[in-house]
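First comes the structure, then the notes that go with it.
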Amino acid sequence: MFDNKSLTTLEYPKILATLSSYAQSVSGKNKAKELMPFESVAEIDRALSETAEADSVLFEYVLSPSFAIDDIGMILIKAAKGAILSISEIMKVGRTLRTARKLYKTLEAAKNIPILTEISYGLYADEQLENSIYNAFLSETEVADCASSDLKAIRTRIRKINESIRSKLQQFITSPQYSKYLQDSIVTMRSDRYVIPLKSDCKGTIPGLVHDQSASGSTLFVEPMQIVEMNNDLRTEIANEQAEIEKILFNFSSAISTVSERLERCYNTIADMDLIFAKAQLAHEYKAIRPVINASGEINISEGRHPLIDAKKVVPVSLTLKSDEKMLLITGPNTGGKTVTLKLVGLFTLMAMSGLYIPAKQATLSIFDGVYCDIGDEQSIEQSLSTFSAHIKNTIAVLDKITDKSLVLFDELGSGTDPGEGAPLAVSIAEYLLSVGVKSFITSHFNDLKEFALVTDKVVVASMEFNSETFSPTFRLIMGAIGSSNALSIAQKLGLKDSIVNRARNRISIEKRQFDSVLTAAEETRQRATALVAEASIDRELAAKALKDAENEKKLVAEKKDKLDESIRKETKRLIEDSVEEANELLYQIKALLEKQELKEADLFEARNLRKKLETMSANYEVSAVIEDAPDDSPLNIGDSVWVKTLKKRGKLVSVNSRGEAQIAIGKITVKVKSGDYYKVK
């Protein structure tokens, strides 16, 4: 159950107000303001998937669907009952049809949005009706001539009659016979009939019907008898025009009535999509992530940021409460952020259960059958309740509603009265919460509650961090720690006289001072350990970077070696090919000489041997380089040829020490080789 009081305390309506600002339609804004948490994991996951798909459409496919529709709910009800709709109402339906058609085409341009595609089947497109509406009306008060053929014919006749009347009256105005009797040389209208202004003292000079006179009585507005019949015809056609417009409106109203159910579904579908895309816009604004939802009570928030606190000032909060852990007690100094943390847990839960993304690095949140809280100063002047009485009244109301599937948030449980009685009362309430099995988050300064948390199963502790050097809160939540209130230290830092603070310290019981001393020492030890861990983390990162740099350097050397070997192989191949070509040329010359019997047969045999030797030389430097030479078991001496195993190269022994480490020349380079990494070759 989600009562309005708890929702308001957790500032959930403010989130909905921000959400509604991203909706484009009135119905979409209303749906946003009325959004309530879902009841099952399946419903929440679907809502979150809808938000994910909308985010994909907006920021991956960079599409901008429009949901700007009029509120046509009552219009469709009127149409379904057979009422004749006004031009404005019909045009609103036309705009809805156009929005639905364009929205469907926009979504078609995106891919992998199965849920939005399924929802889009609720859209209704009737391009013929849509175009008819847009063609029939020029504005919300004006019907186009082409709305019907009869209307066009009627208006054509009206224009002709108007022209004839004006032409006839113009003759009166310009005629020397009548112009002297006229007050002005104009044609005007009275009672929807054309008239001319006649001087009152010239009454009767122009036969006709008097329709009106000026305020001063000096002018009479007369309809000459020659145009009475023409005015009658005009009135008849105007009546015909109005009747035809009524007919057009009736036809459109009937057409809308026929598809009113489809239009209503379409209207609701657009509003639903408007809300979904508003959620995606809100998630983008908050730089939020999709939470993982469970029904086991597990809550794990990493670097959560309260969405209503300035992003430049908010301090991220991280906390964990496993499924088998039932209570988290948050301690620490005043103004340290305990209440904000409490609200953050409740607000994140409501947002996640409503299908909204969470402003955090990572979030695992659970569903609950209700979220109940007692947070803040509840003093009521109207009901003559003290702060303590108001808190107790709220607490009683909460305890009467909770189940083992509920989430409870109590801020400063048992405060507002004598600590000697408030502390035992807070412990008793905490014990009751555990007996029910409810998930609860409690903030407190009571040592009794701190001791209870330390020795009670399924209770976890956390503390808002306090800098003992600056006597200032850091607003960071430390899981597993219990903090002191540090009220006297804070008061002293704020300027309270030392003498007053010291007398207050002397009045504190020895047991409490010892307890606070232990907590302070534990906190200082934790901070030192945290600093050491941070330093070790930095050293580990530096070592990892050095290792990575060394591996990159090794890779670079290997690449250079490979390029060098390739260059040597190519050069060797070129030299061999040149040598073979030279040998062929030599053989050709020798053969030519032999044909002239200028050389002996032995010379030709020697030339052929040379050619064969050159042709069998290997051009593959890399292959030959890795074929190990046969070992020589004879004693090793300086200058002997040796094979270096790791380098897979032949070289000459330059020197060797008593440990067997040798200096070996490979080409123009001398390398140091370990014992056992080389041997003599033939």
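The values are calculated or read from the model by the stated rules, or taken from the named source; none is laboratory data. Because the structure is a prediction, the values reported are computed rather than measured. Positions of Cβ are generated from backbone atoms using ideal geometry, with glycine treated the same way; all protein chains shown enter the neighbour counts. Keep in mind that these areas ignore ligands, DNA and RNA; they rest on the heavy atoms of the full protein, side chains included. Shrake-Rupley method; radii C 1.70, N 1.55, O 1.52, S 1.80 Å.
Observations on the model:
- Compactness relative to 2.2 N^0.38 Å, alpha carbon Rg of segment 33-115: 1.43
- Contact order, relative form, for segment 208-287: 14 percent (alpha carbon pairs under 8 Å, 6 or more residues apart, mean separation divided by residue count).
- For segment 257-274 and segment 1-65, distance of Cα centres in Å: 20 Å
- Each peptide in 56-64, 550-558, 82-90, 16-24 receives the mean, over its residues, of other Cβ atoms within 10 Å, and ordering these scores from highest gives 16-24, 82-90, 56-64, 550-558.
- Applied to segment 397-402, the Karplus parametrisation 6.51 cos²θ - 1.76 cosθ + 1.60 on θ = phi - 60° returns per-residue 3J(HN,Hα) values of 4, 5, 5, 6, 9, 5 Hz, with x for Gly and Pro.
- When ASP411, ASP272 are compared by accessible surface with a 1.4 Å probe, the order from highest to lowest is ASP272, ASP411.
- To put it simply, the accessible area of segment 51-208 at a 1.4 Å probe is 48 percent carbon and sulfur.
- Here r is the Cβ-Cβ distance between GLN663 and ASP324 and R0 is 51 Å; the resulting FRET efficiency, rounded to 0.05, is 0.15.
- Averaging 1/r across all pairs of distinct Cα atoms in segment 1-154 and inverting the result yields a Kirkwood radius of 18.5 Å.
- The H on the amide N of VAL143, modeled in the peptide plane, is under 5 Å from the matching H of LEU138, each at least 5 residues off or on a different chain.
- Taking a Cβ cut-off of under 14 Å around ASN162, the surrounding Lys, Arg, Asp and Glu residues balance to a net charge of +3, with basic ones at +1 and acidic ones at -1.
- Approximate spin-label separation SER655-GLU559, in nm, with each point projected 7 Å along Cα-to-Cβ: 3.7 nm
- For VAL461, the residues whose modelled amide H falls within less than 5 Å of its own, excluding neighbours fewer than 5 places apart on the same chain, are LEU329, GLY480.
- Sparsely packed trypsin sites (Lys or Arg not before Pro) within segment 55-93, loop by DSSP, other Cβ within 10 Å at most 11: LYS81
- Relative protection proxy for 310-316, 45-51, from highest mean packing down: 45-51, 310-316 (other beta-carbon atoms within 10 angstrom).
- Annotation: amide H-H contacts under 5 Å for ASP212 (H modelled 1.01 Å from N, sequence separation of 5 or more, or interchain): PHE221.
- Residues in segment 265-274 carry Karplus couplings, in order, of 5, 4, 4, 5, 5, 4, 5, 4, 5, 4 Hz; the curve used is 6.51 cos²θ - 1.76 cosθ + 1.60 with θ = phi - 60°, and Gly or Pro positions show x.
- Overall form of segment 186-290 per C-alpha gyration tensor (a/c, 1.5; a/b vs b/c): oblate
- Alpha-carbon centroids, segment 83-122 and segment 626-682: separation in whole Å: 84 Å
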